[in-house]
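**Q** Could you have a look at this structure, given as structure tokens, before my questions?
The values are calculated or read from the model by the stated rules, or taken from the named source; none is laboratory data. Treat the numbers as computed from the prediction; the structure is a model and nothing was measured. When we count neighbours, we look across all protein chains shown, and the Cβ atoms used for this are built from the backbone with ideal geometry, even at glycine.
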Amino acid sequence: MVSFLKSLFKKLSSNPFSKKSHIKLGLYGPPNGGKSTLANKICQDWLGEEMSTVSHIAHETREIKIKEQVNIKNKKGKELTFSLVDTPGISTKIDYEEFIRKGLKKVEAKKRAKEATKGVIDSIKWLDDMDSVVVVLDATKDPYSQVNITIIGNLQARNIPVLIAANKVDLKKAGIDTVKAAFPQYKVVGISAKYGKNIEEFYEQLFTLTS
């Protein structure tokens, strides 16, 4: 599945709606890293509404979700407007039996696995349409996973500006230094999307990322 994932990155070209009228900021990463939680936090802070559904079961987000015209401001009064794109989690393995173990019935588990696989393909299709990408990683997990390396490698190959959000710093097992050591070529911001920790620093880095 790892080689399949790599071949997908190579084969899939930009999607047909890639005419850029304004900045598209994509949230990418493995399942359950906190992409949708971060998307909700951004939208709650600046639009007063949520964007995505979150769950403890992987692949809750299985379709591309877009929130247009997100406008943020920093302390200096500078403004940044972008379309926020929450993508399905990219995975090297999607097995319906994993969903059964989480309590889903077989029919529902198979449906979820099929939709999750399509979601991975869609995420990669949309990659070439992104102006900038925030890679959201679970800071409590090993950053050197095949999925992370594949995602980062392909972003680097495409010269897409990247900010890494090392999420879940509210947990004791979080290792920000390990994430920084794994990807020294990029800025890493430790955040808790759930509790809003360091979110101001994250917003400030978005201005640098998209400039």
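**Q** Does ASN40 qualify as being farther than 23 Å from ASP142 by Cβ, modelled with pLDDT of 80 or more and surrounded by 18 or more Cβ atoms within 10 Å (Cβ to Cβ)?
**A** Spelling it out, ASN40 is indeed farther than 23 Å from ASP142 by Cβ, modelled with pLDDT of 80 or more and surrounded by 18 or more Cβ atoms within 10 Å (Cβ to Cβ).
**Q** When the stretch 160-209 is examined, which residues are found to be basic (Lys, Arg), without any contact (Cβ under 8 Å) to a residue 60 or more places away in the chain and buried (at least 18 other Cβ atoms within 10 Å of the Cβ)? Step through it out loud before you land on a result.
**A** So in the stretch 160-209, the residues basic (Lys, Arg) come out as 168, 172-173, 180, 187, 194, 197.
Then drop every residue that is not without any contact (Cβ under 8 Å) to a residue 60 or more places away in the chain, which leaves 172-173, 180, 187, 197.
Those that are basic (Lys, Arg), without any contact (Cβ under 8 Å) to a residue 60 or more places away in the chain and buried (at least 18 other Cβ atoms within 10 Å of the Cβ): none in the stretch 160-209.
**Q** Applying the selection to the stretch 142-159, what residues are in contact (Cβ under 8 Å) with a residue 40 or more places away in the chain and not in a helix (DSSP H, G or I)?
**A** Residues satisfying the conditions are PRO143, SER145.
**Q** Does any residue of the stretch 46-60 turn out to be surrounded by 13 or more Cβ atoms within 10 Å (Cβ to Cβ), touching an Asp or Glu at 6+ places or on another chain (Cβ under 6 Å), at pLDDT 85 or above and farther than 17 Å from SER123 by Cβ?
**A** Taking every residue of the stretch 46-60 in turn, none turns out to be surrounded by 13 or more Cβ atoms within 10 Å (Cβ to Cβ), touching an Asp or Glu at 6+ places or on another chain (Cβ under 6 Å), at pLDDT 85 or above and farther than 17 Å from SER123 by Cβ.
**Q** Right, another one. Within the stretch 167-193, restricting attention to residues that are out of contact with any Asp or Glu (no Cβ under 8 Å at 6 or more places or on another chain) and in a strand (DSSP E or B), which residue is nearest to LYS41 (Cα to Cα)?
**A** GLY190
**Q** Also, quick follow-up: Which of (1) among the charged types (D, E, K, R); (2) in contact (Cβ under 8 Å) with a residue 60 or more places away in the chain; (3) in contact with a Leu (Cβ under 7 Å, 6 or more places away or on another chain) is the odd one out, the single condition ARG112 does not satisfy?
**A** (2)
**Q** Next up: Do the conditions hold for ALA157, that is, is it surrounded by fewer than 16 Cβ atoms within 10 Å (Cβ to Cβ) and farther than 18 Å from SER91 by Cα? Quick ask: steps written out before the conclusion?
**A** Values: surrounded by fewer than 16 Cβ atoms within 10 Å (Cβ to Cβ): yes; farther than 18 Å from SER91 by Cα: yes.
Here the answer is yes, as ALA157 does meet what is asked.
**Q** Assess whether LEU163 counts as being modelled with pLDDT of 95 or more, assigned to a strand (DSSP E or B) and more than 19 Å from THR208 (Cα to Cα).
**A** no
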